[in-house]
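Shown next, in C-alpha cells, is the structure this report addresses.
The values are calculated or read from the model by the stated rules, or taken from the named source; none is laboratory data. As the structure is a prediction and not an experimental result, all values here were calculated from the model. Note that we place each Cβ from the backbone using ideal geometry, even for glycine, and neighbour counts take in every protein chain shown. Surface accessibility is based on the protein's heavy atoms, side chains included, excluding ligands, DNA and RNA. Shrake-Rupley method; radii C 1.70, N 1.55, O 1.52, S 1.80 Å.
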Amino acid sequence: MATADDLKFQEFDDAANLLAANPDATTISIDEPAEIPKNQHSRLQEPGREEDDELLGTDDSDKTELLAGQKKSAPFWTFDYYQTFFDVDTYQVLDRIKGSVFPVPGKNFVRLYIRSNPDLYGPFWICATLVFTIAVSGNLSNFFIHLGKPTYHYVPEFRKVSIAATTIYAYAWLVPLALWGFLMWRNSKVMNIVSYSFLEIVCVYGYSLFIYIPTAMLWIIPQRVVRWVMMVFSLCLSGSVLVMTFWPAVRDDNRRVAVATVATILLLHALLAVGCLAYFFDAPELDLPAPIIPAHNSTGTTVITKSH
C-alpha cells in the first residue's frame, strides 16, 4: 500500500539538469493562471464594433482629439484658424476622391480618409467644379439637341451658373448641418452611438459629389435613356459612400429611426441628382418663331416679312 510520502510530488533530476544547462529556459507553473495577451484579447472583440469604437473615441481617438485641439487652438476670427481646414496635400485629396469613386464595402469613409485630417479644400473645389460643369454641359446639351433647326437661335443661359451654384452649395452645407444637428440630438438620447463632427460630415458630402463631375460631362450625349442610366449608376456609387458612413452612426438607435434617417439621406441625394438632370438637361426648350419685321414698299403698302 502506498504511503503518504509516496503520494507527494517528486522533483525530477532531469528537469534540474536541463535548467542548469540552460538557465534562460522558460518555466511554467501550474499554480499561476494563464494570462491572455492583450493583442489576443483585442481579437476576441466583435470585429464589426472595432471600427465604431474608434469613431466613438474609445481607442486612440482621445489622443487624436487632444492633438487636434492643440493644432487648432487659434481663435476662430483669425486667418490661422481657417488655414488649418485647407492644410491638405494633393495626394490626400486624390486618395479621398478615389475612395469616394470606388467605395470599399464594409469600410467607413471617415475612418479611412477623413478623421486624420478633415479638410474643406477638396469639398469646396469639387462643388465649384461641379457647378460650372453642370452649367456648361447643360448649355451644350441644349445646343446639340436643337442643332440644325432653322427656328432655333442659341443664346447662352448664364443664369444656370447661379442656379447650379445655389443648389450645389446649399446641398453641400445645409444638409450636413441638419444631419450633424440630428446626430447630436440622437446622441444625447441614445448613448454610445457613433458621432461625427460637422467638418467630417461636410467632407463626406463634398467628396461624394465628385462622381457627378464626369457624369455631367457625359450628360451632353443627346440620348435621354443614356443620361438616366448614367445618373442611376452615379447615384448608386455616391449613395453607397453615404450609407456606409452614416449607418454605423444610427444603427444602435431605434430601428425605425435608423432606417428613416438613412432613407432620408438617400432621398435628398437622389433629389439632387434627378433635379439637376431634369432641369439643366431634360427641360423642354421652346422653339420661338422667327420675329416678324414689317417692311414698307415705295407705294406706301406695308409688307409683312418673316426674318430667317
| How much accessible surface area, in Å² rounded to 10, belongs to the heavy atoms of GLU200 with a 1.4 Å probe? | 10
| remark: Per the charge dipole of region 141-247 (beta-carbon charges, Lys/Arg positive, Asp/Glu negative, Cα centre), the residue among VAL204, MET217, VAL243 reaching farthest to the positive end is MET217
| What's the local net charge at GLY122, with K and R +1, D and E -1, over the other residues with C-beta under 15 Å away? | -2
| message | On a 1.4 Å probe surface of the protein chains, which of THR166, THR264 comes out largest in accessible area, and what is the full order? | response | THR166, THR264
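Once the Cα gyration tensor of region 109-281 is found, what semi-axes does its equivalent ellipsoid get, as square roots of 5 times the eigenvalues, in whole Å, sorted largest first? If you can, show how the numbers build up before the last one.
Numbers: eigenvalues 247, 49, 33 Å².
Square roots of five times the eigenvalues give 35, 16, 13 Å.
Which trypsin sites (Lys or Arg not before Pro) from region 80-147 combine a DSSP loop assignment with at most 15 other Cβ atoms within 10 Å? All intermediate terms of the calculation are to be shown ahead of the outcome.
Details: sites: ARG96, LYS98, LYS107, ARG111, ARG115; in loops: LYS107, ARG115.
Hits after loop and neighbour filter: LYS107.
Taking Cα pairs under 8 Å and at least six residues apart, what relative contact order does region 76-150 come out at, in percent?
Details: 23 pairs, mean separation 25.3, N = 75.
Relative contact order, region 76-150: 34 percent.
With every protein chain kept in the model, how would you rank TRP125, TRP228, TRP219 by accessible area, 1.4 Å probe, largest at the top? It would help to have the intermediate numbers written out before the result.
On the way: TRP125 130, TRP228 85, TRP219 5 Å².
Largest accessible area first, the residues go TRP125, TRP228, TRP219.
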| Per-residue accessible area for PHE280 at 1.4 Å probe radius, Å² rounded to 10? | 10
| request: Leaving ligands, DNA and RNA out of it, work out the accessible area of MET230 with a 1.4 Å probe and give it in Å² to the nearest 10. | output: 40
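Counting only protein chains, not ligands or nucleic acids, how are TYR196, TYR121, TYR113 ordered by accessible area (probe 1.4 Å), most first? Let's see the in-between values first.
Numbers: TYR196 5, TYR121 100, TYR113 45 Å².
The ordering from most to least exposed comes out as TYR121, TYR113, TYR196.
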